[in-house]
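Chemist: Please see the structure below; I have some questions.
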Amino acid sequence: MYIVIGKTNCIQCDNLKAQMNFKNISYTYIDQRYVHSDILDQCGQTCRFYPFVLKIEAADKFDDLLKKITG
């Protein structure tokens, strides 16, 4: 599962959503106007353009989640 953070009139955002839809990749789109500024600040440290894409890791147990994150 992915979270895509984009903005209005963003060609790259529209292209990414179209590609993800075409490839049937699960995602949730959030306009940057509705994202807390702390999250945008963290995303902006590594990426200077929209969209930002965050991969969500989930597990049934904490130990499994820890293994996914730390390898």
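Chemist: Looking only at the stretch 46-55, decide whether some residue is modelled with pLDDT under 95, under 15 Å from the mean Cα position of the chain (by Cα) and in a helix (DSSP H, G or I).
Modeler: The answer is yes; a qualifying residue exists.
Chemist: If you don't mind, there's one more thing I want to ask. Tally the residues that are surrounded by 12 or more Cβ atoms within 10 Å (Cβ to Cβ) and either without any contact (Cβ under 8 Å) to a residue 12 or more places away in the chain or of a type in the set (Val, Ile, Thr) (or both), restricting the search to the stretch 1-24.
Modeler: 4
Chemist: To continue, here is another question. Pairs, please: C-beta under 6 Å, at least 6 apart or cross-chain, first residue at negative phi and in the stretch 29-57, second assigned to a helix (DSSP H, G or I) and among the aliphatic types (A, V, I, L, M)?
Modeler: Pairs found: PRO51/LEU16.
Residue-wise test of (1) more than 13 Å from the chain's Cα centre (by Cα); (2) in a loop (DSSP other than H, G, I, E, B).
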| residue | (1), (2) |
| --- | --- |
| ILE5 | no, no |
| GLN12 | yes, no |
| LEU16 | no, no |
| GLN19 | yes, no |
| ILE25 | no, yes |
| TYR29 | no, no |
| LEU40 | no, no |
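Chemist: So which residues in the stretch 30-64 are closer than 13 Å to ILE5 by Cβ and in contact with a helix residue (DSSP H, G or I) (Cβ under 6 Å, 6 or more places away or on another chain)?
Modeler: TYR50, PRO51, PHE52
The values are calculated or read from the model by the stated rules, or taken from the named source; none is laboratory data. Just so you know, these numbers come straight off a predicted model, no measurement behind them. All Cβ positions, glycine included, derive from the backbone under ideal geometry; neighbour counts span all protein chains shown.
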